[in-house]
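We did not get these values from a lab; they are worked out from the coordinates using the rules stated. Here the structure is a predicted model, which is why all the values come from computation and not from measurement. All Cβ positions, glycine included, derive from the backbone under ideal geometry; neighbour counts span all protein chains shown.
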Amino acid sequence: SYGSVFTHAKAGMENVDRERVARVVYDATVGTPHHENETRKERATSKRIAAMKAKGQGMTKTEWETFGRRADERARAMERTRSGARKWLVVDMDGFYAACEELYDPALKSVPVGVAAGPSSVLTTANYVARKYGVRAAMPGFIAKKLCPDLVFVKPDFKKYVKASNESRGVFAQYNPDYIAGSLDEAYIEVTEYCEKHDTTMEAIAEEIRSKVKEATGGLTCSVGGGCSRRLAKVCSDFNKPNGQYILGTTRDDILKFLRDLPVRKMYGIGKTLERILNEFDIKTCGDLLAKRATMLALFTPKAFDFLLGIALGIGTECHPRETPEGSGGRKGVSKSETFKATADKAYLDAKMTELATEVALECQRLNLKGRMVAVKLKRSTFDVIQRQTTLAGPTNDVKTIVNSALRLMRNENSIGANMTLRLVGA
DNA sequence: TACATACAC
DNA sequence: CATGGTGTATGTA
């Protein structure tokens, strides 16, 4: 249920009193519009699960056998793409924003810290002291404060993070200038050639990177994962967090052993909803996922099945995204949105939308991009999201065209004001 | 194409 | 009292 959202974190929360966290979160949120909306979404997921179960129960023994055979065939086909020849490292900074703040104010190191714009907004990061209380990223400040009354709030200061990020990237570039920046605090580095040329190993490079990053940033620690694909390196980066590393062997046996007892939720792309769905079919670990591949094939879409089977077998894209047609494309959208105190004031909403749509157009111009579609996002005070979109005559980044389209889309929603107030608009 | 939802950071 | 912003992918109609 919703009460468990913050207790199934991906890292650093192993010794947290989960029951207490669940209770505090529940008590603080039950009855709020946000909680109501979460409950609504959960009911929709329940419905989806029920439909999947009904579909499964309606199938004959023969049909199941066919799915079993086809799932095995798909697994064999996927096995043929396994090579294990590449070496990928993923570097992930530990509690990045909070750690940056501690560099500038070392007194913060010994107290629980949450980085957030204000005490009632959402935390971008919590330091490891705060995490012991169950405080974590994406948690609203007022709940974090209930879990940990001594929590110190620090406002985000991106100049610090960009500086530290650039310093760490200087290190990554030594191993492969073509590293992939996942975000300010995360990078994917292919070190196949570097290992070959310098006769070294992922283990040794991981050690070097951790020490050099600490040096270059003036004391920040990071965790490193290694494996033969980006997917595996990524999970491994979390395995010995913080300030640790884990390099997974590249044989099929190494990989399947590692995955057997690994909770599915640890894998990139499996969030709380998919975790819940899989749990309903008694799938908790990647090993379970492999064992139940026939069920997955029968109940999920082909794309979702391939994604899940890839996770179960530990097979992912091994090549650099630059080597694939999709990977070489540029960005696909530009957007701006803002949350405010819920209102039905049309003049206010018009002004806000105009401002945001203008920023979008200017950003497109700055990036030298043109869009074929304008979409607006409206969030009601009840937290449900409405999206409206329109396709333009041709690609544009003209301010007037984009602003007018966005305004028209929003004004079409004539229930605004009548029985609806908004807490966010975006274009 | 239009819209909603999930996910990551 | 009270839950962010940006970008991507996918499912469904």
Dipole magnitude of segment A:337-426 about its Cα centre (Cβ charges: Lys, Arg +1; Asp, Glu -1), debye to nearest 20: 160
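Kindly provide the trypsin sites (Lys or Arg not before Pro) of segment A:61-155 that DSSP labels as loop, not H, G, I, E or B, and whose Cβ sees at most 12 other Cβ atoms within 10 Å. Provide the component values of the computation, followed by the final result.
Working: sites: A:K61, A:R69, A:R70, A:R74, A:R76, A:R80, A:R82, A:R86, A:K87, A:K109, A:R131, A:K132, A:R136, A:K145, A:K146; in loops: A:R80, A:R82, A:R86, A:K87, A:K132, A:R136.
Hits after loop and neighbour filter: A:R80.
What does the charge count around A:A173 come to, taking other residues whose C-beta lies under 12 Å from its C-beta (Lys +1, Arg +1, Asp -1, Glu -1)?
Residues near A:A173 contribute 0 overall.
Taking Cα pairs under 8 Å and at least six residues apart, what relative contact order does segment A:161-294 come out at, in percent? Intermediate values should be presented prior to the final figure.
Numbers: 167 pairs, mean separation 18.8, N = 134.
Contact order relative to length: 14 percent.
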Positive-end extreme of charge dipole, chain A - chosen from A:N279, A:V152, A:L290 (charges on Cβ): A:N279
Proxy reagent accessibility, fewest Cβ within 10 Å first, across A:E363, A:E275, A:E102, A:E196: A:E196, A:E363, A:E275, A:E102
For segment A:337-426, share of DSSP beta bridges that run antiparallel, in % to the nearest 5: 95
Extension gain from A:R408 to A:D282, taking 0.36 nm per residue of separation minus the Cα-Cα distance: 40.6 nm
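Based on Cβ point charges of +1 for Lys and Arg and -1 for Asp and Glu, what charge dipole magnitude is obtained for chain A about its Cα centre, in debye rounded to the nearest 20? Please list the in-between numbers first.
Numbers: 68 positive and 52 negative charges, 298 e Å.
Around 1440 debye, computed over chain A.
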Estimated inter-spin distance, A:D199 and A:L369, nm [label 7 Å along Cα→Cβ]: 4.7
Under 18 Å from A:K160, Cα to Cα: aspartates and glutamates that are on another chain or at least 8 residues apart: A:D92, A:D94, A:E101, A:E102, A:D105, A:D185, A:E186, A:E215
Order by protection proxy (mean Cβ within 10 Å, highest first), peptides A:174-180, A:329-335, A:345-351: A:174-180, A:345-351, A:329-335
Nearby lysines by direct alpha-carbon distance to A:K197 (threshold 23 angstrom, same-chain neighbours under 8 apart not counted): A:K87, A:K212
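Cα-Cα over 31 Å: which of A:K109/A:K234; A:K47/A:K145; A:K109/A:K266? All intermediate terms of the calculation are to be shown ahead of the outcome.
Details: A:K109/A:K234 27 Å; A:K47/A:K145 35 Å; A:K109/A:K266 27 Å.
With Cα atoms farther than 31 Å apart: A:K47/A:K145.
Quick one: compute the contact order of segment A:337-426, relative version, from alpha carbon pairs under 8 angstrom and 6+ residues apart, as a percent. Let's see the in-between values first.
Details: 141 pairs, mean separation 41.7, N = 90.
Normalised by residue count, the contact order of segment A:337-426 is 46 percent.
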Listed peptides A:22-28, A:116-122, A:284-290 by packing density, highest first (mean Cβ within 10 Å): A:284-290, A:22-28, A:116-122
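Contact order normalised by length for chain A, with contacts defined as Cα pairs under 8 Å and 6 or more residues apart; what percent is it?
Numbers: 690 pairs, mean separation 63.0, N = 427.
Reported as a whole number, the value is 15 percent.
Which order do the peptides A:396-403, A:305-312, A:52-59 come out in when sorted by mean C-beta neighbours inside 10 angstrom, highest first?
On the way: A:396-403: 17.2, A:305-312: 20.4, A:52-59: 11.6.
Going by the mean number of other Cβ atoms within 10 Å, highest first, we get A:305-312, A:396-403, A:52-59.
Between A:T251 and A:S83, what is 0.36 nm times their sequence separation minus the Cα-Cα distance? Round to one decimal in nm. Walk me through the numbers before you get to the answer.
On the way: separation 168, 0.36 × 168 = 60.48 nm, distance 0.88 nm.
Here the segment from A:T251 to A:S83 would lengthen by 59.6 nm.
Just from its helices, what would the mean residue ellipticity at 222 nm be for chain A, if runs of 4 or more DSSP H residues each count -39500 (n - 2.57) and the sum is divided by every residue, rounded to the nearest 500 deg cm²/dmol? Show your work: numbers first, answer last.
Details: 17 runs with 205 residues, N = 427.
Helix contribution divided over all residues of chain A: -15000 deg cm²/dmol.
Please give the FRET efficiency for A:T382 paired with A:K163, using the beta carbon to beta carbon distance and R0 = 51 Å, rounded to the nearest 0.05. The partial results should precede the final answer.
On the way: r = 40 Å, r/R0 = 0.79.
Efficiency, from the Cβ-Cβ distance: 0.80.
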In segment A:337-426, lysine pairs with alpha-carbon atoms under 17 angstrom apart (chain gap of 8 or more, or interchain): 9
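Using only the Cα atoms, what convex hull volume per residue in Å³ does segment A:69-182 have?
Per residue, the Cα convex hull of segment A:69-182 comes to 165 Å³.
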Cα shape, chain A, gyration tensor, a/c 1.5 rule: rounded
Spacing of the two label points (7 Å from each Cα toward its C-beta) at A:T390 and A:R43, in nm: 3.4
